[in-house]
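This report concerns only the one structure given below.
What follows is calculated from the coordinates using simple rules that are stated; it is not laboratory data. Since the model is a prediction, treat every value here as computed from it, not as a measurement. Note that we place each Cβ from the backbone using ideal geometry, even for glycine, and neighbour counts take in every protein chain shown.
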Amino acid sequence: MIIEGGIVYDPINGVLGEEMDVSIEDGRVVEESRDGEKIDARGMLVLPGGVDAHAHIAGAKVNTGRIMRPEDGRRGTEARTKLLRPSTGYTVPNCYAIGYRYARLGYTCAFEAATPILEARHTHEELEEIPIVDKGALTLFGNNWEVLECVRDGDLEKLAAFVAWGLRASRGYGVKVVNPGGGEAWGFGGNVKGIDDPVPNFGVTAREIIRYLMRANEALRLPHSVHLHTNNLGKPGNYETTLATLRAVEDIASSRDRQVLHVTHMQFSAYGGTGWRDFESKAPEISDYFNKHDQFTMDMGQLIFGSATTMTADAPLEYGNARLLKAKWSNHDIELEESSGVVPLVYGRKNPINAIQWAIGLELALLTEDPWQMIMTTDHPNGGPFVNYPEVVALLMSRSKREKELATLHDLASKRSSLPSIEREMDWNEVAIVTRAGPARILGLAEKGHLGVGADGDVSIYDVNPEKVDPSKEHEEVKAALAGAKYTIKGGEVVVRDGEVVAVPQGRTYWVDASVPEDAEARVKADLVEKFAKYYSIQMSNYMVQDAYVTRPRVIRAGVI
Amino acid sequence: MKKVIIKPLREFWVPVEAERISPDIFAPLSIEEIRRLEVWEGNRKVTLSDLFMISGDDEPAPPGDNEIVLSGDFSRVKRIGEKMTSGTIVIKGDVGMHAGNGMSGGEILIDGNAGDWLGREMQGGKITVSGDAGEYVGAGYRGESCGMRGGEILVEGSAGDYLGEHLCGGTITVGGDAGDFPGIGNRGGAIVIGGNAHLPGAEMASGTITVRGRARVLPSFQRLETVEIDGIRFDKFLGDLVDDGKGELFAASVEDGGR
Ligand SMILES: [Zn+2]
């Protein structure tokens, strides 16, 4: 296949809006293709396929969201066609809709952001049913008893062996840490108040948990860094916790050519104020810190007005949400590993808190100077559903759109944030970074996010001419073009044409197989045998994700030997 | 009065989704147009005339002046009268799940038994069943925070489990027994059960449940006093205290076990 004459942005290979051809053969980008298939992309924007590094798209809590929200299911119904299975849902779409909607946006890869090992089989059962996109899942480690014990005992080698085992057991891709220590404390109705508050029964602190897991992550040379949801997330004044967390790990070095820590959905962790009354943005402080520390990355967690379904392993946070909003609430105890919660809510333009939160996400993206440190996300569906990505991109590219939106919001959005004064408008190169090249590099996916020879043949083509359309003024046009790709090409196959899904291949599932010394592995196994005998509700043999659950694996090797 | 009579042409093996059988939809249509209305039988789209014999008045009439008479076995026909606002549906036979979903006015008279989810999330109007009704009468769909919000359901026979689940308003009266957990999660409205009930009012926040027969009462209900209503003595309870509820439960006889 040859994609002819498009205007290509490929930041990883230094291509900045050049008119050029892209050739794909056998699913990969090549110098020259001979199969004769041609796609006319003249006058159109050509980008590597989009990569979503953080979304909640598969597993137990997503399904709980669906069960809790019949009204959401009815919102997105599309009947089946000869090719497509039926779609349902807006914030919590069914599996098919997730794949189709990503493809229509020009996304070809999406990672589920939080899977407890105990529920990883469910996650993979759903990932298998998500069509088209490649995917992976991050595994939760931040409240796992084995982790807490290794940290307490100062046993880094055993911790690394357990992380390797946990990734294999869950067929997981990376180390996710959510409110470290807080999830365990929630088992007793408590939480931790900051990074130095000891976890009940273990005596360790979030500071120690994060540091140890980062060191284990780097010892194993995992493709992705630790992926952190901070303590005190969602609370006024939490930016201090966020900055304290980052300062606590400044001395740790990355083992690979990538960040040493990814802080996720930063919007929820960049709050000032002593309570909701004086709630304000501290995005400038956070971005300022990032501008001086290039070893850290973040994603936005942008808020979208309207319906959202919050779902997280941060169970005490969800308890607070449910009480505050008198909303439906699901709470879940995941045995020795985590706790979790789900609360549906509606973000309102005239709600002062929501309006400020909306501004914070944009401030973070625009004040963080290096786009390689930033990923565009909505923490789907916590900040809002991923189908709104074109809206977010349009906001990043157009100050006039931001002003227009600000005028419809509670005026505290302008008074308690710096957004009105921000002039920056992202260009197409920066957009290509924050939606593709950056997330691929941050996840450590070598064959994603670019169009160099050997890259996956994943390309999105949008009917917008970067040489003619001024995104600053014509933001509506930009948004419309991004919402329905002219073409989405996945592995060299056209899957979307004119915004409609025309082919439904099955994507691959990334997971990381990290090797560790045998004796360390044996010590972990001994601990686990005891834990399963004493505490778990299931047998270890029913716990591991078997190969049958991951039918098209893409295994990335890592480890210490 | 515009009258339309519908009879099944055959037995149905898979459910028919017939939300189009409603006075609001029939009102402006001729019989020929009604025959051409689309419904789903399982996963196949068909017209009403593929499944039913349809006869009656051709002239349009306001919805309130419409009567639809369904005669035969409609036990696999779902969603009859969904979202109707006025008019009358008379069913001479059994009716399937979700009859009167979300209706806000008018009347459904069922001379037979009703399936599950009768009057789900209904807001007004009246449903009468001469026989029994299935599970989730007047309930909300799973995950919905409010079931029935208004109107009236009268079941002369017995009802299944989860009667009036998440009831937020309106009245449900059952002549016979109710199954497990009638009035679970209630936030308003009134339920009267002529016979017996098992664990009524779990997690209720407000509203009233009256059990004229015997009830097994949850330990999280507080017995307040004995009251007399229409010559019957009832134990009055407050609950559900696990949810700090202010609901009222009246039981003529309390089953032993637990309390
Ligand atoms: Zn998330």
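For peptide A:61-70, the mean count of partner chain Cβ atoms within 10 Å of a residue's Cβ comes to 2.
Can you give the alpha-carbon Rg of the protein assembly as shown over 2.2 N^0.38 Å, where N counts its residues?
1.05
Across region B:133-204 the C-alpha pair distances fall into 5 Å bins from zero in the proportions 5, 21, 34, 28, 11, 1 percent. Dividing the C-alpha radius of gyration of region A:460-561 by 2.2 N^0.38 Å, with N its residue count, gives 1.86. Within the protein assembly as shown, the cysteines lacking any other cysteine Cβ closer than 4.7 Å to their own Cβ are A:CYS95, A:CYS109, A:CYS150. Packing-based ranking of A:57-65, A:537-545, B:238-246 yields A:57-65, B:238-246, A:537-545, ordered from highest to lowest mean Cβ neighbour count within 10 Å.
Send over the per residue convex hull volume for region A:94-193, Cα only, as a whole number of Å³.
119 Å³
Using the Cα coordinates of chain B, the gyration tensor eigenvalues translate into equivalent-ellipsoid semi-axes of 38, 16, 15 Å, sorted from longest to shortest. Stokes-Einstein, applied to the Kirkwood radius of region B:113-254 over Cα pairs at a viscosity of 0.890 mPa s and 25 °C, places its translational diffusion at 174 µm² s⁻¹. Under the criterion of Cα pairs below 8 Å and six or more residues apart, the relative contact order for region B:113-254 equals 15 percent. Computed over Cα pairs, the Kirkwood radius of region A:404-530 leads via Stokes-Einstein (0.890 mPa s, 25 °C) to a diffusion coefficient of 129 µm² per second. Straight-line cross-link partners of B:LYS7 among the aspartates and glutamates, defined as a Cα under 12 Å from its Cα and at least 8 positions apart when in the same chain: B:ASP50, B:ASP73. Need one word for region A:52-445: rounded, prolate or oblate. Basis is the Cα gyration tensor (sqrt eigenvalues a ≥ b ≥ c); a/c below 1.5 gives rounded, then a/b vs b/c decides. In terms of gyration-tensor shape, rounded.
One equal scatterer on each Cα of region A:268-323, no solvent, Debye formula: the resulting log10 I(q)/I(0) at q = 0.17, 0.18, 0.30 Å⁻¹ is -0.81, -0.89, -1.20. Give the aspartates and glutamates whose C-alpha is closer than 12 Å to that of A:LYS448, dropping any in the same chain fewer than 8 places away, or say none. Within the straight-line limit of under 12 Å, A:LYS448 reaches these aspartates and glutamates: A:ASP10, A:ASP52, A:ASP134, A:ASP456, A:ASP458. Take every pair of alpha-carbon atoms less than 8 Å apart whose residues are at least six positions apart; their mean separation over the length of chain A yields a relative contact order of 21 percent. Of all lysines in the structure, the ones whose alpha carbon falls short of 17 Å from that of A:LYS473, not counting any fewer than 8 places away in one chain, are A:LYS401, A:LYS404. Computed from the Cα positions only, the extents of region A:155-210 along the three principal axes stand at 31, 21, 16 Å, in decreasing order.
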